[in-house]
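Novice: Let me begin by handing over the structure; questions about it come next.
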Amino acid sequence: APIDRTRGLRRDALLALALALPLLLGSHLTLVGIEWAMPAWLQWLLATPVQFWCARRFYFAAAKAVRAGTGNMDLLVSLGTLAAYGLSLYLWLEGGVTHETHGTSHLYFEAAAVVIALVLLGKWLEARAKHQTPEAIRLLAALRPTTANVLRDGHVVEVSVEDLRLGDIVVVRGGDRVPVDGL
């Protein structure tokens, strides 16, 4: 199940990024001296799949949180991006408030899509790291020595770590790995 969740997150995050990047670039071309505004219909076309397909997991988790009487990040992402998307849709359909320099509507489709894309990317990276953690722990455990050198009756004897007793004096030579914790 974790692998499928990671794959689904990856797919949704990459799709959201692919659709959000043109919105982001289109809304910031003035920074490089290009006076062009992306048409509202194109912004809507790019943002809608991000808002209602890629972000669906946020809505399900937000609904669970509301039913439980709690709040979480998914609820915040849902409310914030739906507000930006809804306001943009309203302004576009009503003719909107015009921007002083471009003569186009103030639309926030880009903000909603970028927030969703970045949060999905973060969730995917977190899920991937969690998925890789057990393997890392297994590799660390494999490094743990299975035997220890113990001083018994004036001689150093090699014994299994499981056979160590309270009070044993463990001898660790240069380059050896420390087989147990202790004083």
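The values are calculated or read from the model by the stated rules, or taken from the named source; none is laboratory data. Computed from a predicted structure; not experimentally measured. A quick note on method: Cβ atoms are made from the backbone with ideal geometry, for glycine too, and the neighbour counts reach across all protein chains shown. Each accessible area value is taken on the protein alone, full model and side chains, heavy atoms only, with ligands, DNA and RNA left out. Shrake-Rupley method; radii C 1.70, N 1.55, O 1.52, S 1.80 Å.
Novice: Would you confirm, using the coordinates I've provided, whether Tyr59 is without any contact (Cβ under 8 Å) to a residue 12 or more places away in the chain, of a type in the set (Ser, Thr, Tyr) and assigned to a helix (DSSP H, G or I)? Don't jump to the end; show me each part of the working.
Specialist: On the way: without any contact (Cβ under 8 Å) to a residue 12 or more places away in the chain: no; of a type in the set (Ser, Thr, Tyr): yes; assigned to a helix (DSSP H, G or I): yes.
Here the answer is no, as Tyr59 does not meet what is asked.
Novice: Can you name every residue in segment 58-72 that is modelled with pLDDT of 95 or more and of a type outside the set (S, T, N, Q)?
Specialist: Within segment 58-72, Phe58, Tyr59, Phe60, Ala61, Ala62, Ala63, Lys64, Ala65, Val66, Arg67, Ala68, Gly69 qualify.
Novice: Hey, another quick one. Any chance segment 127-144 includes a residue that's without any contact (Cβ under 8 Å) to a residue 12 or more places away in the chain and of a type in the set (Lys, Arg)?
Specialist: Let us first name the residues in segment 127-144 that are without any contact (Cβ under 8 Å) to a residue 12 or more places away in the chain, namely 129, 132-142.
Among the residues that remain, those that are also of a type in the set (Lys, Arg) are: 138.
Yes - at least one qualifying residue is present in segment 127-144.
Novice: Now for a separate question. Quick check, is Ala68 closer than 30 Å to Phe52 by Cβ and touching a helix residue (DSSP H, G or I) at 6+ places or on another chain (Cβ under 9 Å)? Before you say what the answer is, go through the steps one by one.
Specialist: Numbers: closer than 30 Å to Phe52 by Cβ: yes; touching a helix residue (DSSP H, G or I) at 6+ places or on another chain (Cβ under 9 Å): no.
No.
Novice: Quick check on this structure: which one of Gln43, Gln51 is closer than 16 Å to Phe109 by Cβ, open to solvent by less than 50 Å² (accessible area, probe 1.4 Å), touching a Gly at 6+ places or on another chain (Cβ under 8 Å) and assigned to a helix (DSSP H, G or I)?
Specialist: Working: Gln51 fails: touching a Gly at 6+ places or on another chain (Cβ under 8 Å).
Answer to the check: Gln43.
Novice: When His155 is evaluated against the numbered criteria (1) surrounded by 10 or more Cβ atoms within 10 Å (Cβ to Cβ); (2) at pLDDT 90 or above; (3) out of contact with any strand residue (DSSP E or B) (no Cβ under 7 Å at 6 or more places or on another chain), which criterion, by number, is the only one it fails?
Specialist: (1)
Novice: Does any residue of segment 107-123 turn out to be at pLDDT below 90 and either of a type outside the set (D, E, K, R) or not in a helix (DSSP H, G or I) (or both)? Show your work before the answer.
Specialist: Pass one, segment 107-123, residues at pLDDT below 90: none.
No, segment 107-123 contains no residue that is at pLDDT below 90 and either of a type outside the set (D, E, K, R) or not in a helix (DSSP H, G or I) (or both).
Novice: Being open to solvent by 70 Å² or more (accessible area, probe 1.4 Å), more than 30 Å from Ile169 (Cβ to Cβ) and more than 24 Å from the chain's Cα centre (by Cα) narrows it down to one residue among Arg138, Arg67, Arg128; which is it?
Specialist: Of the residues listed, the single one that is open to solvent by 70 Å² or more (accessible area, probe 1.4 Å), more than 30 Å from Ile169 (Cβ to Cβ) and more than 24 Å from the chain's Cα centre (by Cα) is Arg67.
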